[in-house]
1. Please specify each residue of the range 1-42 satisfying the condition of being of a type in the set (D, E, K, R) and open to solvent by less than 100 Å² (accessible area, probe 1.4 Å).
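The values are calculated or read from the model by the stated rules, or taken from the named source; none is laboratory data. This structure is a prediction, so every number in the text was calculated from the model and none was measured. Positions of Cβ are generated from backbone atoms using ideal geometry, with glycine treated the same way; all protein chains shown enter the neighbour counts. Areas reflect the complete protein model, heavy atoms only, side chains present, ligands, DNA and RNA absent. Shrake-Rupley method; radii C 1.70, N 1.55, O 1.52, S 1.80 Å.
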Amino acid sequence: MLRALGKYALLVLCTAVGLVAGYVSYLLAALVLLMIYGDDGQSGHPSKFLMYILLIGSFGLFGIAGVAVGLKLSSGLFKSNE
């Protein structure tokens, strides 16, 4: 029972860390887009499609990577001695 809880806790922790990393990458990419397009309203704005791709891409890639790392770590750390 504790072994299963430990596996799930490690998986949730790695997924949360992956999503936090995705959030940071999204903020940095949005800052770069702000520097490119400016905030004066004269040079246009990035398209909504570009912003959605950036949002889904950063959270999706880092979230899936967090799940994969969590699965790899939990299977390596909690091997049964059978």
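1. We begin by selecting, within the range 1-42, every residue of a type in the set (D, E, K, R); these are 3, 7, 39-40.
Once the filter is applied, which keeps residues that are of a type in the set (D, E, K, R) and open to solvent by less than 100 Å² (accessible area, probe 1.4 Å), the range 1-42 yields only LYS7.
Every residue, every condition in (1) at pLDDT 90 or above; (2) assigned to a helix (DSSP H, G or I); (3) in contact with a helix residue (DSSP H, G or I) (Cβ under 6 Å, 6 or more places away or on another chain); (4) of a type outside the set (Phe, Trp, Tyr), yes or no:
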residue	(1), (2), (3), (4)
LEU10	no, yes, yes, yes
LEU19	yes, yes, yes, yes
PRO46	no, no, yes, yes
MET51	no, yes, no, yes
LEU54	no, yes, yes, yes
GLY57	no, yes, no, yes
LEU61	yes, yes, no, yes
ASN81	no, no, no, yes
